[in-house]
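Enquirer: Before anything else, here's the structure in question.
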Amino acid sequence: MRLSYRGTTLYLLGEESKLEKAEGLVNRLSEKIRRKTAITFEEVERTIEEAEGPRKVQAQGSGIDPAVKPKEIWTTWVKAKTPNQERYLRAIQSCDMVFCIGPAGTGKTYLAIAMAVVFLVNQLQKRIVLVRPAVEAGEKLGFLPGTLVEKVDPYMRPLYDSLHDFLGQERTKQFLAKGVIEIAPLAYMRGRTLNDAFIILDEAQNTSSEQMKMFLTRMGFGSKVVVTGDATQVDIPQGTPSGLIEAMRILNGIPSISFVSFTSADVVRHPLVQAVLKAYEEGNGRK
């Protein structure tokens, strides 16, 4: 195998089987550099082992099941059904921070979690952090039985449901136990810095301005952030500005931050959901 370079172009010469492995190694290292991962000697060694195959090397301490094949996950799990969903997936791939706003049933959270799993299995991120504000929709936390964790758990249930779809209940439990996947209320994020993580803030319309600023500044080196929300389902007290709407206004125009908007045409649930949303939109317009 011979290697040379001219300017920013790398040339490889050798047997076809070895060239494929070398190309895989270069692509892996290039992706890690793009993700701002520090390329140490140990990182290069581990990347070489990953590219050698068929022996599959797990990310250190990740507990990733080596039997999971990223290409299968990508083609089976992550399929855009509308042009806006395609735009959303491309934005998550190419941008460090993505805001997605739209009505229920458009796949905002589902697609974000699917992409998070793909990034984890491809070892582009070391962990997944899923965050939600624990805001009541007509009920009070204090009236619910159990400890604080038990009271907050129902608000996290949609996130568990999505993970179960992609990883199954047992693997999800394993990843949660090892800390590879973390699901936490927004309040638990204060004071933390999250490096090399795929971070999703769901139901972001229910954050205040201070909470949103606090969350966005938790982003560490090599991390990717996706923020999702529905501006028509704000459950915070009236008169309190939504942190999501304010952030989209303030941060618009910053490089590496992408904004994607869904409409009722992007709903991929039961056809009646699309009809219900359209009826409410028309009804609110007649007020």
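The values are calculated or read from the model by the stated rules, or taken from the named source; none is laboratory data. All figures in this text were calculated on a predicted structure; none of them were measured in a lab. Don't worry about glycine lacking a Cβ; one is built from the backbone with ideal geometry, like all the others, and counts go over all protein chains shown. Keep in mind that these areas ignore ligands, DNA and RNA; they rest on the heavy atoms of the full protein, side chains included. Shrake-Rupley method; radii C 1.70, N 1.55, O 1.52, S 1.80 Å.
Enquirer: Taking the Cα centre of segment 163-287 as the origin, how large is its charge dipole in debye, to the nearest 20, when only Lys and Arg (+1) and Asp and Glu (-1) carry charge on their Cβ atoms?
Expert: 200
Enquirer: Please list the non-local residues whose amide H lies under 5 Å from the amide H of Val225, H modeled 1.01 Å from N, same-chain partners needing a gap of 5 or more.
Expert: Met97, Val98, Ile199
Enquirer: Something else now. Considering only protein heavy atoms, what per residue accessible area in square angstrom results for segment 164-287 with a 1.4 angstrom probe?
Expert: 55
Enquirer: Return the long-range amide H neighbours of Arg127 (sequence gap of 5 or more, or a different chain), with a cut-off of under 5 Å between placed amide H atoms.
Expert: The list, which skips near neighbours in sequence, is Phe198.
Enquirer: Using a simple spin-label model with points 7 Å from Cα along the Cα→Cβ vector, what separation in nm is obtained for Asp161 and Glu282?
Expert: 2.7
Enquirer: State the percentage of accessible surface on segment 146-287 attributable to carbon and sulfur atoms; use a 1.4 Å probe and exclude ligands, DNA and RNA.
Expert: It is 54 percent, rounded to a whole number.
Enquirer: Per-residue HN-Hα couplings for segment 216-231, Karplus 6.51 cos²θ - 1.76 cosθ + 1.60 at θ = phi - 60°, whole Hz, x for Gly and Pro?
Expert: Karplus values, whole Hz, x for Gly and Pro: 4, 8, 7, 5, x, 5, x, 9, 10, 10, 10, 10, 10, x, 10, 5.
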